[in-house]
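Reading through the structure tokens given below for one structure.
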4 protein chains.
Amino acid sequence: MTLTLALAEKIIDGTLSYARTNNVNPLAVVVLDAGAHPVAFKRQDKASLYRFDIALAKAKGALGMGFNTRGIAEKAKNNPTFFASVTTISGVELALSPGGNLIKDGLGNIIGAIGISGDSGEVDELCAQAGIDAVATELEDN
Amino acid sequence: MTLTLALAEKIIDGTLSYARTNNVNPLAVVVLDAGAHPVAFKRQDKASLYRFDIALAKAKGALGMGFNTRGIAEKAKNNPTFFASVTTISGVELALSPGGNLIKDGLGNIIGAIGISGDSGEVDELCAQAGIDAVATELEDN
Amino acid sequence: MTLTLALAEKIIDGTLSYARTNNVNPLAVVVLDAGAHPVAFKRQDKASLYRFDIALAKAKGALGMGFNTRGIAEKAKNNPTFFASVTTISGVELALSPGGNLIKDGLGNIIGAIGISGDSGEVDELCAQAGIDAVATELEDN
Amino acid sequence: MTLTLALAEKIIDGTLSYARTNNVNPLAVVVLDAGAHPVAFKRQDKASLYRFDIALAKAKGALGMGFNTRGIAEKAKNNPTFFASVTTISGVELALSPGGNLIKDGLGNIIGAIGISGDSGEVDELCAQAGIDAVATELEDN
């Protein structure tokens, strides 16, 4: 299954719908395809300037390591020197905080990732999950 | 006037509506605010991988130099060594092709820029203009 | 409200006036607009060479994260791996020390930031606040 | 002779005074010391975003090569491949256009440089010279 622009937009809109209902801080939300290339991005009014960069680094990091960034951040706590070295490798971007989640189809294949920044990592992750949940049926159908 | 996410989405949707009607190649479309920070981005299915980077460089270049990229590209033809040197300056991105257009409010203030890549520079520019035209009333009202 | 050159100069002069009265070490002081682009900069005689870069990173960091750098530095103490990773993201600059303060107009909108380096972070921050205080009336009038 | 902040401010103010009298486009003006480190910078309202970067590259280039950028740009026309290669060297910044001028004391020693961007290279250079002329007596006295 390929992550189309139509699907990416539904994911982002699902995220922002959840964020508005739950009074989340202004967010930047990016969806990448399986190759870690941006498909769609939206930054809410008054989100601060690094939010795009951090959201992108969360989504890239999830794809780059093959785990949601919550899991990567937990590993990093136990092995900080390894992760400090990884982040200095050219081409590698990682933001060691929850809010970067893999997007998988019904067969378990990774088709992309969503990255979110703007609130706490905990809240960013809830928003990321809400976006993926909004297209759960379409992901399963595949 | 501030370039909100709501306005950026209308501009991108105006661009993509024009593109679909006119059988344009798959596009990447990015809208930046006045400080050259991304507000929204969409990449159509099958647009190739560098399209995001090129669209971004067009929009940044327009804001960086204060002209649409068509005008910058024309200046560059008469002064290639200067523009070759400028593109190597840290922090400077320029894509010397039409398709990066300034977005101005009714008072003539620059509030952002749109950058497009995917078809020829000429067609990219028509799509950029179509996106801006789609919000002409809102821009004038300010 | 837009952060004009005239306003930026008053902020910097307010900072340097405070610094001279209080025997502060030689400072670098930069004022950025809301998009994190430099409006004005002054480096006092005998300020060391990295002071410009550090002052810039403080001001950019405040705008990038949406907090004064004192607050960012405090968050970083509790979450060092996240902030270590963030500083390696392309385009992100952070100096985790007080002295990078947001400049807000009377409506609470962020219109820019001031970054200072040269003395201790505590003193740098007092100088930053003195600069903003020097234009308090103009900021409120908006 | 050392290029002090007081002297740099007089140079920039001389430049901006000339620019206002002669209806020059909005400028970015930077003054560097002999080590190519920024002493002072001002960006006029509505100067476009790359003007800081280009002004800096002009001033750095003048100091880096030991000539005003007018002379460097002329050399580059006759030897474009060499200058194209030079601009790709890490740490090297050059903007091959007039407007980056060396500042010399009365003994002919280089004490810094001024870089200007915002209008044509020809006009930028006139503004740079006006700034240096504004402190001619102080430079000679040394």
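Nothing in this text is a laboratory measurement; each read-out follows from the coordinates by a stated rule. Keep in mind the model is a prediction, meaning the values are calculated, not measured. Quick reminder, even Gly has a Cβ in these numbers, built from the backbone with ideal geometry, and neighbours come from all protein chains shown.
Numbers below:
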read-out: Evaluated at q = 0.19, 0.21 Å⁻¹: base-10 log I(q)/I(0), Debye formula over Cα of the range B:32-142; value: -0.96, -1.14
read-out: Burial ordering of C:5, B:27, fewest other beta-carbon atoms within 10 Å first; value: C:5, B:27
read-out: Total charge dipole magnitude, chain A, about the Cα centre, Cβ charges on Lys, Arg, Asp, Glu only, Debye to nearest 20; value: 420
read-out: Structure-based [θ]222 nm, chain D - -39500 (n - 2.57) summed over DSSP H runs of at least 4, per residue, nearest 500; value: -15000 deg cm²/dmol
read-out: Stokes-Einstein diffusion coefficient of the range B:21-64, Kirkwood radius over Cα pairs, 25 °C, 0.890 mPa s, in µm²/s; value: 223
read-out: Pairwise centroid distance, computed over Cα atoms, of the range D:55-128 with the range A:3-47, Å; value: 44
read-out: Number of partner chain Cβ atoms within 10 Å, mean per residue of B:29-40; value: 6
read-out: Kirkwood estimate for the range D:1-79, i.e. one over the average of 1/r between Cα atoms, Å; value: 13.5
read-out: Estimated dipole of the protein assembly as shown in Debye, rounded to 20 [Cβ of Lys and Arg +1, of Asp and Glu -1, Cα centre]; value: 1020
read-out: Other protein chain Cβ atoms within 10 Å, averaged over every residue that makes up B:57-65; value: 3
read-out: Footprinting exposure proxy for B:10, A:77, B:58 (fewest neighbouring C-beta atoms within 10 Å first); value: A:77, B:10, B:58
read-out: FRET efficiency for residue C:49 and residue B:120, using Cβ-Cβ distance with R0 set to 56 Å, rounded to 0.05; value: 0.75
read-out: Normalised alpha carbon radius of gyration of the range D:84-142 [divisor 2.2 N^0.38 Å]; value: 1.31
read-out: Total lysine pairs under 16 Å (Cα atoms) in chain C, excluding pairs fewer than 8 apart on one chain; value: 5
read-out: Dipole of the range A:5-141, positive direction: furthest Cα of A:5, A:100, A:111, with charges on the beta-carbon; value: A:100
read-out: log₁₀ of I(q)/I(0) at q = 0.23, 0.28, 0.35 Å⁻¹ - the range B:49-91, Debye sum with one point per alpha carbon; value: -0.85, -1.11, -1.17
read-out: Cβ-based exposure ranking for D:132, A:116, in which fewest neighbours within 10 Å come first; value: D:132, A:116
read-out: Net charge of neighbours whose Cβ lies under 14 Å from the Cβ of residue C:125, counting Lys and Arg as +1 and Asp and Glu as -1; value: -3
read-out: Per-pair calculated FRET efficiency, R0 = 25 Å: residue D:107 and residue B:90 via Cβ, rounded to 0.05; value: 0.15
read-out: Residue (of C:86, C:62, C:132) at the positive-pole extreme of chain C, dipole from beta-carbon charges; value: C:86
read-out: Averaged over C:45-53, number of beta-carbon atoms from partner chains that fall within 10 Å; value: 3
read-out: Along principal axes, Cα extents of the protein assembly as shown, largest first, whole Å; value: 82, 52, 47
